[in-house]
1. Through the Karplus equation 6.51 cos²θ - 1.76 cosθ + 1.60, θ set to phi - 60°, convert the phi angles of segment 109-116 into ³J(HN,Hα) values in whole Hz; use x for Gly and Pro.
2. I need the phi-derived Karplus couplings for segment 489-501: 6.51 cos²θ - 1.76 cosθ + 1.60, θ = phi - 60°, integer Hz, Gly and Pro marked x.
3. Over all distinct alpha-carbon pairs, what is the Kirkwood Rh of segment 328-503 in angstrom?
4. Dividing the alpha-carbon Rg of segment 195-248 by 2.2 N^0.38 Å yields what?
Amino acid sequence: MMGGPAIWWWWAGLAAIWLPVFGRLSEVWRIDEEMRHGWLVPILVAYMAWERVAQFRRGSGPGRGAVAVVLGGLMGLGLSLWVLVANPLWPTMMWATVGFGAVTTLGWIAGMHGWGMARQCVPLVALLFLALPWPTKVQKPVTLGLAQMNAHVAAEVVSAQGYPAAVHGRVIEVGAGIVGVEEACSGIRSLQAVTMAAIFLAALFQLGWRRGLGLLAAGWLVAVLGNLIRTCFLVHTLAKSGHERMNAVHDAAGNGVLLVTLGVMAAAAWLLPTRVMGVARPSATPGSDSFRRLGRWAAALVAVVALSQCAIWWWYGSGPANQARTGWKLADDAGGNPEAIPAEAADLLNYTVGAGRSWLAQGDDPARLAFLFHWDGDLMFLNGAALHDPTLCLPGIGSQLESEIKGVALDWPTASLPLRAYRFRTRAGRTQFVFFQVWDAFRAEVWPQGRSEEGFGAARWQRVLDRRRSSDVYQLIMVFEEELTDEQAIARAERLMPRIFSPI
């Protein structure tokens, strides 16, 4: 069997392939609560590889075409890592990066021990995809379906307990207030963790694919039921004790469901009968020529990966990071009172910096609210800006869009900002005017209206060409309620906005 210096050269090659990949993926593992289990995936795969690789039969020499596969995989890996630096939360590029890493790994194994051993390692390499978020086209239908099911069932259960509840989409309304069944509360976090746990437990205990699928189905069932119970519990707590008490037990209830689900799966995997494995067939110990060849190839692989990383660092490090830009802030002399942003809104919007002000009516100036949000980092965070478009969020709380009115163009000596304007009718029957804009400070232009996650493809590639590691997007909002004509509202906005916002 392979031992001594050879095993360390072998692992050095694998480390050169995967350390840059895991370095990029750590961004999503750190930020996205649903992907915190990603930190465990490379550790568990490395452990299983160390334990199982001795059971695999090795060939007598390198597989044909392995060098071409490694070179092709490295080219794709370098390109995907180059794009991922500017778009660390782009699911498509994450899957491409791990895919190219997998191809390079299998080519590396084939180059050392033949394609027969590479084929035996495919299941182990495939486990690394569990560290990735599900594709959007899979996750969104599952998430929305579970959220709506939870909302309807919870409303029926709580109503049967004497607290009348009504469902509006994914929002449950009870006497003490409303609660939204958000994506994180739908159970998707549990399902992703359960899927990873089921596959690893099946591989660790050698359950075979039939018992493994049974374990996965059982885990999904427990996770769905657990999150349904959690939603009922939280809505009941809201109806009985109010928002403060519900918020106090919200995270503990979610963590409890996840721990119980994983505990049930671990117990089931322990009790299920395992598959009997065949006796490993150790290969002959390689000679010194094999050691030298392995060392040369490992050194070359490390050098190629290191050079590609240096090229990526140079590309973004030499970009126009300090070019002239126009951002926005709440004016220092704007006055008013600080307006707190609800924690639920902050979680939904994912902004980097947010602030609000409110003013009482005074003279010809109406009572008004103003908010300023700033996003940097990955474009995925800008879903918050898309969700906070007044044409989307205000109808969700009962206001009716009556008309888009003429916008307001505000000119400062150093910048010009065009704002969109809308007239709404609130649930109380009052006229509400909203002045709103999303601004890309890096490009000094308006962020395209209606842009969402699905429309980010071209923008993501443009970030790479612009050598941008992060976004620099601002959202400005002013709202007031007063019975005015559109022209009067526009005139007041033109007078008020320069006193509220100023360029930076």
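1. 5, 5, x, 8, 9, x, 5, x
2. Those phi angles translate into 5, 5, 4, 5, 5, 4, 7, 7, 4, x, 7, 9, 10 Hz.
3. Hydrodynamic radius (Kirkwood, Cα pairs) of segment 328-503 is 16.9 Å.
4. For segment 195-248, the normalised Cα radius of gyration comes out at 1.69.
All of the numbers you see were taken from the coordinates with simple rules; none came from a lab. Since we're looking at a predicted model, the values are computed, not measured.
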